[in-house]
């Protein structure tokens with residue numbers, strides 16, 4: 001089996017996506033565990049940067065921060081762990097609603113809907129699991145990068161979306177539904 005086949009198999013592994021999103025939610029929940037990610041758009045933009053470390057490096061530089069803490073491996077520069085596509089409001093994975101519903105069904109997250117915004121919160125069980133995952137070798141980089149995201153990109157959905165389009169104008173030139181390459 002070649003490296004590309006292995007990566008494609010990872011794309012279909014929901015548990016890897018759920019683990020990544022759970023760690024992201026836990027970091028944004030804060031020390032008291034009561035914070036949330038406000039909206040699927042914000043979740044998608046943060047996850048875009050998390051899934052594409054080369055873009056996250058560029059984003060950190062655009063915010064005047066050093067990307068040296070990221071320690072991006074060579075294989076991350078040449079491949080993509082998960083495909084995202086160009087959507088109306090930027091990078092998007094059509095499975096977000098399913099992923100959030102799976103986290104909620106497992107008792108790891110909860111959602112609150114206020115107006116048209118979905119507030120995604122982590123439960124105590126989700127926090128406990130996220131802490132365990134963050135200590136594993138497979139998710140240490142995700143945890144470190146999630147903390148960088150909170151420190152430098154804890155913006156409103158609208159401001160984060162504007163930042164993504166301003167920093168990565170090439171995304172806006174893709175056709176709707178076109179896969180974003182690293």
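No value in this document is a laboratory result; all are computed from the given coordinates. All values reported here derive from a predicted model rather than from experimental measurement. Methodologically, a virtual Cβ is constructed for each residue, glycine included, from the backbone with ideal geometry; neighbour enumeration extends over all protein chains shown.
Spin-label model, residue 136 to residue 72: label points 7 Å out along the Cα-to-beta-carbon direction sit 2.5 nm apart.
In terms of the mean number of neighbouring beta-carbon atoms within 10 Å, the peptides 121-127, 142-148 order highest first as 142-148, 121-127. Exposure proxy for 108, 132, 102: other Cβ atoms within 10 Å of each Cβ, ordered fewest to most, give 132, 102, 108. Can you tell me how region 111-157 classifies by the Cα gyration tensor, rounded, prolate or oblate, using a/c under 1.5 as the rounded cut? In terms of gyration-tensor shape, oblate. For a paramagnetic label modelled on residue 112 (point 7 Å from Cα along Cα→Cβ), amide N atoms under 12 Å away belong, within region 36-56, to 36-38.
Residue ranges 151-163, 42-54, 60-72 sort as 42-54, 151-163, 60-72 when ordered by packing (mean number of other C-beta atoms within 10 Å per residue, highest first).
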